[in-house]
Amino acid sequence: MAKENVCLSFKSRPIVGVLVGNSIIKNLTRQKETSDIEELKKANSTIDLTLYFFSINGINLVNKNINGIFFNQEKEIWQERIFPFPDIFYKRTSPPKDEKTSSMFEEQLKNSHIKPLNYLNKFNKWEVYTHLSKEEAFAEYLPKTIIYKSPADLQNILKLKNKVYLKACSSGRGKLVMRVVKLPNNRYQCSHYKNNLSIYNADNFKQLISIVLKFFKNKMFIVQESIDLITIDNRIVDLRAEVQKNGDGEITVAAIPVRIGRFNALITTHSKSLTFEDFFKNKMNYSSDYTILLKNRIEAFLKLTYQYLEKYYGPSGEIGIDIGIDKDGKLWFIECNSRSLKVSFHKAYDEKTVNQSYINLLDYAQYLYNKKT
């Protein structure tokens, strides 16, 4: 498809550039969309910004322009064009660590005072815990957590807790999570879940350390006490909240999908998802009044979490926040995600709710641009 230079004048500002993977761009040239691309396109038909998508391969650092692709609403097709650097940058993917163009591009954007719509880097679990634990109003929501530096760290916490989770500081989608359970006679059981449950038994602490270090290799990881999460049919349950800003720069909770883990899974990644109301009313048999009260309490907690994260990391248009509810009804912070894939959200919620969340996000892009200008 021939590329055209985009006009120097735009029908609308801001110009929002969305960084996606190379495979997404290839599919768009074939007129194939993923669900989140389709939702952004649909939301923009209401907001009417200049919205384009691009991959790292499309960036020209010398000319400061980008080979991107946009949806031509008149022709109803995706078309490639040469765009200037955006007014607002929305990062939806992480290029390979050895990709120099990405870091140089982000540095140019920073020097040009181009606003990011979301956080550019993934959260580090230990760093987040360190920040949030400084806040007195938040400490009660944090499970006991330490950074692993030596075998003594794990040994000491296992003297206090019979079950702990080990999590890589920088990883996603549950790939590097291990559960350790202390058994009688100083024996231990380790387990992790990928496509199925893998279990390893250690006859002593030395064997345990060998299994753990082999699993994490050279990656830093945290040791965290286990939360006695609510369960249904012996499957653990947690919540992946999609929290964002709207066109007034206010924090809003788009949705709180409930994730029901697979049988034997340690975490709820790749799980079944239900709406908040459906789960608590129909699965847990909570009354309508109690469900509303619980949702209000959780939304207040989510907004507090968002505020504290922004205190340390600066403003963001969206954050995925994972929380748990234990069997006593207490809320727990599990982790946060700078670039939520919104899988549970799309699975559980209706089209109107999903669409409104993407409208909010583009409204916030407009808010950022107006604030800048």
Inset, instruction - Could you state how much accessible area ASP203 has, in square angstrom rounded to the nearest 10, with a 1.4 Å probe and all protein chains kept in place? - result: 90 Å²
Legend entry - Surface share of carbon and sulfur [accessible, 1.4 angstrom probe, percent] for the chain: 47 percent
Legend entry - Value of [θ]222 nm, deg cm²/dmol, for the chain, DSSP H segments ≥ 4, -39500 (n - 2.57) each, nearest 500: -10000 deg cm²/dmol
Inset, instruction - Indicate the gyration tensor shape class of the chain (rounded, prolate or oblate), computed on the Cα atoms with a ≥ b ≥ c the square roots of the eigenvalues: a/c under 1.5 is rounded; otherwise a/b larger than b/c is prolate and the rest oblate. - result: prolate
Legend entry - Gaussian network model of the chain, Cα within-10 Å springs - most flexible of PRO184, PRO143, PRO14: PRO184
Legend entry - Net dipole in debye of the chain [+1 Lys, Arg Cβ; -1 Asp, Glu Cβ; about Cα centre; nearest 20]: 1340 debye
Legend entry - Residue-normalised accessible area of the chain, given per residue in Å² at a 1.4 Å probe: 50 Å²
Inset, instruction - Please give the solvent-accessible surface of ASP153 in Å², to the nearest 10, using a probe radius of 1.4 Å with every protein chain present. - result: 40 Å²
Legend entry - Cα-based Rg of region 48-99 normalised by 2.2 N^0.38 Å, two decimals: 1.23
Inset, instruction - Provide the descending list of Cα extents for region 199-312 along its principal axes, expressed in whole angstroms. - result: 53, 38, 21
Legend entry - C-alpha long axis of helix 100-111 to longest principal axis of the chain, angle in °: 70 degrees
Inset, instruction - State the extension gain, in nm to one decimal, for the chain segment bounded by LYS217 and LYS32, taking 0.36 nm per residue of separation less the distance between their alpha-carbons. - result: 62.8 nm
Inset, instruction - Treating the angle as unsigned and between 0 and 90°, give the value, to the nearest 10°, between the Cα long axis of helix 205-216 and the longest Cα principal axis of the chain. - result: 10 degrees
Inset, instruction - Enter the angle in degrees (range 0 to 90, nearest 10) between the Cα long axis of helix 35-47 and the first principal axis of the Cα atoms of the chain, meaning the one along which they spread out most. - result: 50 degrees
Inset, instruction - Measure out, as a whole number of angstrom, how far apart the alpha-carbon centroids of region 304-373 and region 48-62 sit. - result: 24 Å
Legend entry - Accessible-area ranking of LEU293, LEU331, LEU61, largest first, probe 1.4 Å: LEU293, LEU61, LEU331
Legend entry - Sorted largest first, extent of region 18-113 alpha carbons per principal axis (Å): 34, 25, 20
Legend entry - Per DSSP, loop GluC sites (Glu not before Pro) in region 67-170 with at most 13 further Cβ within 10 Å: GLU74, GLU76, GLU99, GLU136
Inset, instruction - Before anything else, pin down the relative contact order of region 109-251: Cα pairs under 8 Å, at least 6 apart, normalised by residue count, whole percent. - result: 23 percent
Legend entry - Relative contact order (%) - the chain, alpha-carbon pairs under 8 angstrom, separation at least six: 17 percent
Inset, instruction - Note the direction-averaged projected area, equal to a quarter of the hull surface, for the Cα convex hull of region 282-373, in nm². - result: 7.6 nm²
Inset, instruction - Tell me the Kirkwood hydrodynamic radius of region 145-225 in angstroms, computed as one over the mean inverse distance between distinct C-alpha pairs. - result: 12.6 Å
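The values are calculated or read from the model by the stated rules, or taken from the named source; none is laboratory data. Keep in mind it's a predicted model, so treat the numbers as computed, not measured. Please note: Cβ atoms are built from the backbone with ideal geometry, for glycine as well, and neighbour counts cover all protein chains shown. These accessible areas exclude ligands, DNA and RNA; they are computed on the full protein's heavy atoms, side chains included. Shrake-Rupley method; radii C 1.70, N 1.55, O 1.52, S 1.80 Å.
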